[in-house]
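Trainee: Okay, here's the structure, questions in a sec.
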Amino acid sequence: MGTDASVSVPPSMGAEQRSWVGLALAALIVVAWLASLLLLLQVDLTALLATGRHTPAQELAHWRLPHTWIAAAGVGTEILVRTFLQTGLFIVAHDAMHGSLIPARPRLNHRLGRLALTLYACLPYGDCLRKHRQHHQAPGSPGDPDFHDGIRSHPVSWYLHFMRGYLSMPQIVSLAAAWICTAAVMPSAAPAIQLNIVVFWVVPLVLSSVQLFVFGTYLPHRHGQAGDGVTHRVESLPLPALISLVSCYHFGFHWEHHQHPEAAWYELPRLHRRHWSHNGHPRLQGE
């Protein structure tokens with residue numbers, strides 16, 4: 001989309017500096033995703049979640065939580081961290097589609113975006129790039145591949161419609177092959193490697209798709225396209241910066257993203273604050 005005519009927003013950094021920042025953050029996300037996966041795939045989940053030596057009464061008497069409760073909470077936290085990193089892969093690819101990941105090196109920018117989408121879910125970069133451009137050209141309209149089908153606007157139906165637009169048989173086969181090959185080559189530290197793959201890879205991938213849909217599609221675009229010649233009706237979520245980061249890498253500042261698609265994900269809070277200070281809170285804006 002175009003820029004916000006009411007507010008001039010000069011870039012906070014030059015192209016070279018933005019490129020180094022984008023590359024560093026992308027490398028951090030990719031390395032953390034790979035390292036956490038390799039480590040967690042070797043955890044013996046069956047032993048970790050096994051019942052401890054104490055009975056519930058003994059645990060209560062000793063003022064300590066049952067071992068399985070603590071272990072389950074730890075596994076749940078690890079799943080959430082893995083989900084956050086999984087979403088980060090898509091955010092890296094999303095910035096690459098807009099040329100804002102490494103703006104000074106366009107070829108490297110798209111190569112890294114392609115790698116991030118492959119790690120995310122074996123998604124084809126070219127196809128996703130084409131669909132994302134269509135989304136920005138007509139958000140919330142029948143021409144928007146991310147919008148609902150015009151009939152089933154319930155979030156669950158919309159999510160299923162959204163996923164069908166990105167899932168394909170080659171992608172599913174590639175994912176299955178990646179999981180099978182990983183199970184075959186991983187060391188035997190985890191007796192039930194298949195369980196680890198489901199818990200620390202498949203589940204975070206599914207949760208990440210829900211996270212991206214909720215914060216990047218449903219909540220910002222649920223009002224659809226505005227009429228009367230207005231280009232879009234995109235909503236920004238009024239979240240504090242830290243919560244916005246944790247929720248979906250500031251994807252909740254979605255009005256700002258559509259107004260300034262050249263801005264990287266880490267620059268959206270600045271745009272959000274700047275627009276708020278000039279025009280009041282842009283919770284729902286028409287352009």
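Trainee: Would you mind counting up the charge near residue 164? Only other residues with Cβ under 14 Å from its Cβ, with Lys and Arg at +1 and Asp and Glu at -1. If you can, show how the numbers build up before the last one.
Mentor: Numbers: positive: 131, 152; negative: 127, 146, 149.
It works out to a net charge of -1.
Trainee: Highest mean first, how do 146-159, 196-209, 82-95 rank when packing is the count of other Cβ atoms within 10 Å averaged over residues? Mind showing how you got there, number by number?
Mentor: Details: 146-159: 14.9, 196-209: 18.4, 82-95: 24.2.
Put in order of decreasing packing, that is 82-95, 196-209, 146-159.
Trainee: Evaluate the distance, in nm, between pseudo-label points positioned 7 Å from the Cα of residue 206 and of residue 79 along their respective Cα→Cβ axes.
Mentor: 0.9
Trainee: Further question: Would you please give the FRET efficiency between residue 171 and residue 28, computed as 1/(1 + (r/R0)^6) with r the Cβ-Cβ distance and R0 = 30 Å, to the nearest 0.05?
Mentor: For residue 171 and residue 28, the calculated efficiency is 0.70.
Trainee: While we're on this one: How do 31-37, 163-169 rank on mean C-beta neighbours within 10 Å, highest first? Please list the in-between numbers first.
Mentor: Working: 31-37: 15.3, 163-169: 12.3.
The most tightly packed comes first, giving 31-37, 163-169.
Trainee: Simple spin-label model, 7 Å along Cα-to-Cβ: residue 160 to residue 262 in nm?
Mentor: Distance between the two pseudo-spin positions: 4.2 nm.
Trainee: Turning to a different aspect of this structure: So for the pair residue 151, residue 270, with labels modelled 7 Å out along Cα→Cβ, what separation do we get in nm?
Mentor: Between residue 151 and residue 270, the label points sit 4.7 nm apart.
Taken together, the values in this text are just the output of simple stated rules run on the coordinates, not laboratory data. Just so we're clear, the structure is a prediction, and the values are computed from it rather than from any experiment. All Cβ positions, even for glycine, are placed from backbone atoms using ideal geometry, and neighbour counts span all protein chains on display.
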